[in-house]
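Q: Mind looking over this structure? Questions follow.
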Amino acid sequence: MREAEAAGESSGLRPSDASRSREAILLLALAGFNAGISLRCVEPMLPRLAVEFDSSVSAAASVMTAFAFAYAGAVLVQGPLGDRFGKLRVVTLAMALSGAACIGCAFAWSIGSLAALRFVTAIFASASVALGMAYIGDVVPLEERQPTIAHFIAGSLLGQTLGPLFGGVFTDWAGWRASFVVLGAVFLLVSLILFVRTARSWPAPAPGRFSPLAIHQQLLSRPPVRWLVGTGVAETFFFFGAYAFLGAFFKQRYDLSFTVIGLILAGYGLGGLLYTALVNWLIRALGERGLVLAGGALGCLLFVAVAVAPHWAYTIPCTLGLGLAFYMIHNTVQLKATEVAPDARGAAVALYASAWASGQATGVAAMGLAVAWFDYAPMLAAFGLGFGLLGLWLRSNLQRFRP
């Protein structure tokens, strides 16, 4: 299907209405902001959760793994739902349900119950970013899409920047349970704003049978989609498998407060925001192939630098640089996700989002097992090397994503 024909399908607003489209993208970025906080707020809490529930840090990390696995599975349904019922409608309902589930996390009585409630939260919180990217694919021309996606992702990045700080400050000063109450209330507020501002423009549901499994099977029969899915798994397996354990590493090596750990981890989000500010210049200077190669090399170098840093202050620029490195690869692959299947863009972006969430979940699980045997520093370096090799491979294989 041609790009012009695909534009606007199930978007919830007419592509010709540029101002309303921009407002919708801004609101979706707001939803992504809160989802970003939810994604990252648990990282500085891990040592406290391990002590409170009498478990190891590796066991407490199941809270993050559960969130990532739920994210991975949920977007597989949300993509086709967005194509069928309207992306804005699905995101609005999902934010309300994620708010209720997030407040429930405050009443967890064990690591298992908290992991289960985080699992439910992620089922709904995951809708905003994947469907937001698909919506941009509906209403923004291809030549403007990569910078638009980068600026949209700034909302999620800002949330991810504040997420560790949010979690660390609340853990130190009000308790980790309070953080989930506040976060849930914000989810509910975002849902209300989306409803008030976009409900009149929601499209009528598309006719026909709703068969998400059949849609995904058809998409996975296309080689470019399969390459996209494999890349999505790999990028987050290596990057977040290592990054998710930096908080525990900093606590073990430097005995920092949770607030300071949260501030250091927030460097990732600042690095991502730096990327969004520089994206137009970087694309002109490096091109797509240069971006992925430089991102992989920088990520590898900085994970090694964190592992050998003699003082915690040296890790601050490293985490900022890691955020920049990740988005040099991630944003390039995101663009390919919006191009790979214009006839089913919501489902295709959902497959990609599911893949990178699965990579994050398996990467965290693998790192948790590895550090129990080999300690943090060598595994941070090993995962960083994997990320660097991915960037090298992408430099010569971006053409595999062409539809």
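The values are calculated or read from the model by the stated rules, or taken from the named source; none is laboratory data. All values reported here derive from a predicted model rather than from experimental measurement. So basically every Cβ, Gly included, is an ideal-geometry build from the backbone, and we count neighbours across all protein chains shown.
Q: Give me the pairs: first residue in region 64-75 and under 15 Å from Y352 (Cβ atoms), second residue surrounded by fewer than 23 Cβ atoms within 10 Å (Cβ to Cβ), beta-carbon distance under 6 Å, and six or more apart or on different chains, which are they?
A: Every condition considered, the pairs that remain are A72/S358; A74/I123.
Q: Could you figure out which of (1) over 18 Å from A337 (Cβ atoms); (2) under 20 Å from the mean Cα position of the chain (by Cα); (3) modelled with pLDDT of 90 or more isn't true of G391?
A: Failing condition for G391: (1).
Q: A follow-up question, please. Of everything in region 298-310, what is in a helix (DSSP H, G or I) and over 21 Å from the mean Cα position of the chain (by Cα)? Give them in sequence order.
A: Let us first name the residues in region 298-310 that are in a helix (DSSP H, G or I), namely 298-308.
Hits for region 298-310 are L301, V304, A305, V306, A307, V308.
Conditions (1) modelled with pLDDT under 80; (2) more than 18 Å from G247 (Cα to Cα); (3) among the basic types (K, R), marked per residue:
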{"site": "L26", "(1), (2), (3)": "no, yes, no"}
{"site": "G32", "(1), (2), (3)": "no, yes, no"}
{"site": "I37", "(1), (2), (3)": "no, no, no"}
{"site": "E43", "(1), (2), (3)": "yes, no, no"}
{"site": "L46", "(1), (2), (3)": "yes, no, no"}
{"site": "V51", "(1), (2), (3)": "no, no, no"}
{"site": "D54", "(1), (2), (3)": "yes, yes, no"}
{"site": "V63", "(1), (2), (3)": "no, no, no"}
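Q: Pull out all pairs, ordered by first then second residue, where Cβ-Cβ is under 6 Å, the residues are six or more apart or on different chains, the first lies in region 305-325 and is closer than 23 Å to L278 by Cβ, and the second is crowded, with 21+ Cβ neighbours inside 10 Å and among the hydroxyl-bearing types (S, T, Y).
A: V306/T315; T319/Y268; L322/Y268; G323/Y268; L324/Y275
Q: OK, next. Could you list all residues from region 326-379 that are free of Cβ contacts under 8 Å to residues at least 40 places away in the same chain and either polar (S, T, N, Q) or part of a helix (DSSP H, G or I) (or both)?
A: Matches in region 326-379: A370, W373, F374.
Q: With the structure loaded, tell me whether G295 is in a helix (DSSP H, G or I) and on the phi > 0 side of the Ramachandran plot or whether it fails that test.
A: So G295 fails the test.
Q: Something else now. Give region 311-331 a look and list any residue that's of a type in the set (S, T, Y) and either more than 16 Å from the chain's Cα centre (by Cα) or surrounded by fewer than 23 Cβ atoms within 10 Å (Cβ to Cβ) (or both), or say none.
A: Y314, T315, T319
Q: Looking at W173, W202 in this structure, which one is surrounded by fewer than 24 Cβ atoms within 10 Å (Cβ to Cβ), over 30 Å from L390 (Cα atoms) and touching a Lys or Arg at 6+ places or on another chain (Cβ under 8 Å)? Before you say what the answer is, go through the steps one by one.
A: Working: W173 fails: touching a Lys or Arg at 6+ places or on another chain (Cβ under 8 Å).
Sole residue among the options that is surrounded by fewer than 24 Cβ atoms within 10 Å (Cβ to Cβ), over 30 Å from L390 (Cα atoms) and touching a Lys or Arg at 6+ places or on another chain (Cβ under 8 Å): W202.
Q: Just to be sure before I move on: is A372 more than 20 Å from the chain's Cα centre (by Cα) and surrounded by fewer than 18 Cβ atoms within 10 Å (Cβ to Cβ) in the structure I sent? Break it down into steps so the answer makes sense when it comes.
A: Values: more than 20 Å from the chain's Cα centre (by Cα): yes; surrounded by fewer than 18 Cβ atoms within 10 Å (Cβ to Cβ): yes.
Spelling it out, A372 is indeed more than 20 Å from the chain's Cα centre (by Cα) and surrounded by fewer than 18 Cβ atoms within 10 Å (Cβ to Cβ).
Q: Quick one: T259 ticks every box in (1) modelled with pLDDT under 80; (2) out of contact with any Asp or Glu (no Cβ under 7 Å at 6 or more places or on another chain); (3) assigned to a helix (DSSP H, G or I) bar one, so which box is it?
A: The failed condition is (2).
Q: Residues that are within 19 Å of the chain's Cα centre (by Cα) and part of a loop (DSSP other than H, G, I, E, B): does region 214-223 have at least one?
A: Taking region 214-223 as the starting set, the residues that turn out to be within 19 Å of the chain's Cα centre (by Cα) are none.
No, there is no match, as no residue in region 214-223 is within 19 Å of the chain's Cα centre (by Cα) and part of a loop (DSSP other than H, G, I, E, B).
Q: Still on this structure, I have one more. Which of the following residues is crowded, with 22+ Cβ neighbours inside 10 Å and at pLDDT below 90: G272, G287?
A: Only one candidate qualifies: G272.
Q: Then there is this: Is there a residue being part of a helix (DSSP H, G or I) and within 30 Å of V75 (Cβ to Cβ) anywhere in region 311-320?
A: Yes, that holds for at least one residue.
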